[in-house]
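Enquirer: First the structure, then my questions, so here it is.
The values are calculated or read from the model by the stated rules, or taken from the named source; none is laboratory data. Here the structure is a predicted model, which means the values were calculated and not measured. Cβ sites come from the backbone with ideal geometry, for glycine too, and all protein chains shown count toward neighbours. In case anyone asks, the SASA skips ligands and DNA or RNA and just uses the protein heavy atoms, side chains included. Shrake-Rupley method; radii C 1.70, N 1.55, O 1.52, S 1.80 Å.
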Amino acid sequence: MINIKLASTYLYLLIYILLSSGVILYNKWVLSPKYFNFPFPITLTMIHMGFSGAVAFFLVRVFKVVSPVKMTFEIYATCVVPISAFFASSLWFGNTAFLHISVAFIQMLRALMPVATFIMAVMCGISKPKCDVFLSMWLISVGVVISSYGEIHFNVIGTVYQVIGIFAEALRLVLTQVLLQKKGLTLNPITSLYYIAPCSFVFLFAAWCLLEKTQMQVSQDQNEFNYWIFFSNALCALALNFSIFLVIGRTGAVTIRVAGVVKDWMLRALSTVIFPESTITGLNIIGYGVALCGIFMYNYLKVNEVRVSQQSP
């Protein structure tokens with residue numbers, strides 16, 4: 001007898017892994033000067049946020065698929081605005097990294113996400129430093145350093161962009177936990193995009209006016225804007241956003257982290273096939289193996305922490 005609930009869970013995880021991998025590879029192809037050659041990461045991210053916000057608006061206000069939450073100006077200003085700012089920053093800097101470093105190396109650097117999240121959680125006062133957690137952080141960091149040392153096409157600028165994006169994403173996750181839970185606000189996938197995507201679009205638009213607007217005008221005079229490419233790219237990004245919230249709601253944050261590890265390995269293999277410049281060295285593999293040990297140790301500690309908190313009266 002097939003367990004329908006378990007089968008649906010694995011289906012959601014598979015959809016998340018495929019969409020996440022697809023969006024990353026698609027963004028790399030669009031932004032890379034060697035392929036589609038659209039070197040405007042802010043513009044691409046802004047298109048994603050604008051499209052996601054518009055779809056969420058129609059689902060909430062026109063088709064009334066879900067109802068908006070009770071949002072006051074104080075909650076919007078103190079919760080939604082800072083979360084949106086760091087969400088926009090993480091996407092902006094993460095996409096900018098595609099211009100300078102390979103997909104395989106980006107995924108190796110993303111092993112730093114638990115480290116960044118832990119540091120931000122300690123700074124915000126929602127986590128306390130522990131020896132076992134510190135050991136897992138140390139393993140991850142050492143592994144990433146080894147991978148970086150073994151990277152053939154190492155680029156300082158691309159690495160800095162990616163690390164900044166990782167810490168921005170970590171701060172967004174921590175702020176979401178601190179601010180929204182403190183206010184007792186619960187957002188589903190649609191309402192999350194309804195409130196956060198338009199605000200993120202505004203932040204990106206300000207950056208776009210300062211950094212990319214003039215270059216875009218020159219480029220548009222020379223090349224025709226391919227609307228189908230950007231529509232399909234934005235559609236994939238929207239589907240990914242929905243799938244992330246769906247998987248977390250059905251399985252939990254720990255499961256999606258483990259699924260992320262599977263996705264990272266698959267991305268490395270795919271990226272070397274699709275993008276020949278994404279060469280993986282033996283030192284890369286050794287370094288990521290060390291980081292992976294730290295990630296599994298961190299996830300194990302988090303699972304035990306949740307289990308203890310659930311058993312305590």
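Enquirer: Name the pairs whose Cβ atoms lie under 9 Å apart, with the first residue in the stretch 108-120 and among the basic types (K, R) and part of a helix (DSSP H, G or I), the second open to solvent by less than 30 Å² (accessible area, probe 1.4 Å) and at pLDDT below 85, and 6 or more positions between them or separate chains?
Expert: Here the result reads R110/G260; R110/D264, each pair linking the stretch 108-120 to a residue that is open to solvent by less than 30 Å² (accessible area, probe 1.4 Å) and at pLDDT below 85.
Enquirer: Give the residues of the stretch 129-156 that are under 20 Å from E277 (Cα atoms) and out of contact with any helix residue (DSSP H, G or I) (no Cβ under 9 Å at 6 or more places or on another chain), sorted by residue number.
Expert: Residue satisfying the conditions is V156 alone.
Enquirer: Do you know which residues across the stretch 112-142 are open to solvent by less than 10 Å² (accessible area, probe 1.4 Å) and in contact with a Ser or Thr (Cβ under 8 Å, 6 or more places away or on another chain)?
Expert: A121, the sole residue that qualifies.
Enquirer: If you take the residues in the stretch 190-209 that are closer than 16 Å to I244 by Cα and of a type outside the set (V, I, T), which one is surrounded by the fewest Cβ atoms within 10 Å (Cβ to Cβ)?
Expert: Step by step, filter the stretch 190-209, then rank; the result is S192.
Enquirer: Looking at the stretch 51-73, I want the residues that are farther than 14 Å from N188 by Cα and outside any helix (DSSP H, G or I) and have a partner that is at pLDDT 90 or above and among the hydroxyl-bearing types (S, T, Y) with Cβ atoms under 6 Å, at least 6 apart or on another chain. Which pairs are those?
Expert: As it stands, the answer is none, since no pair meets every condition given.
Enquirer: Determine which member of the set V81, V60 is within 30 Å of L211 (Cβ to Cβ) and among the β-branched types (V, I, T). Spell out the reasoning first.
Expert: On the way: V60 fails: within 30 Å of L211 (Cβ to Cβ).
None of the other options fit; the residue is V81.
Enquirer: If V60 passes every condition in (1) open to solvent by less than 10 Å² (accessible area, probe 1.4 Å); (2) under 17 Å from W92 (Cα atoms) but one, which one does it miss?
Expert: The single condition V60 does not satisfy is (2).
Enquirer: Residues of the stretch 63-100 being surrounded by 13 or more Cβ atoms within 10 Å (Cβ to Cβ) and of a type in the set (S, T, Y), which ones?
Expert: Residues satisfying the conditions are Y76, T78, S84, S89, S90, T96.
Enquirer: Follow-up question, since we're still on this one. What number of residues in the stretch 151-189 are surrounded by 18 or more Cβ atoms within 10 Å (Cβ to Cβ), small (G, A, S) and modelled with pLDDT under 85?
Expert: Summing the residues that are surrounded by 18 or more Cβ atoms within 10 Å (Cβ to Cβ), small (G, A, S) and modelled with pLDDT under 85 in the stretch 151-189 gives 0.
Enquirer: Then there is this: Applying the selection to the stretch 122-145, what residues are closer than 20 Å to A291 by Cα and under 23 Å from the mean Cα position of the chain (by Cα)?
Expert: Matches in the stretch 122-145: V133, S136, M137, W138, L139, I140, S141, V142, G143, V144, V145.
Enquirer: Next up: Based on this model, can you work out whether P33 counts as more than 27 Å from L175 (Cβ to Cβ) and part of a loop (DSSP other than H, G, I, E, B)?
Expert: Taking the combined requirement at face value, the residue satisfies it.
Enquirer: Quick check: is even one residue across the stretch 4-23 in contact with a Leu (Cβ under 6 Å, 6 or more places away or on another chain), open to solvent by less than 50 Å² (accessible area, probe 1.4 Å) and within 30 Å of T214 (Cβ to Cβ)?
Expert: Yes: the stretch 4-23 contains one or more residues that are in contact with a Leu (Cβ under 6 Å, 6 or more places away or on another chain), open to solvent by less than 50 Å² (accessible area, probe 1.4 Å) and within 30 Å of T214 (Cβ to Cβ).
Enquirer: How many residues are open to solvent by 50 Å² or more (accessible area, probe 1.4 Å), in contact (Cβ under 8 Å) with a residue 60 or more places away in the chain and closer than 16 Å to K130 by Cβ when one looks only at the stretch 268-310?
Expert: 1
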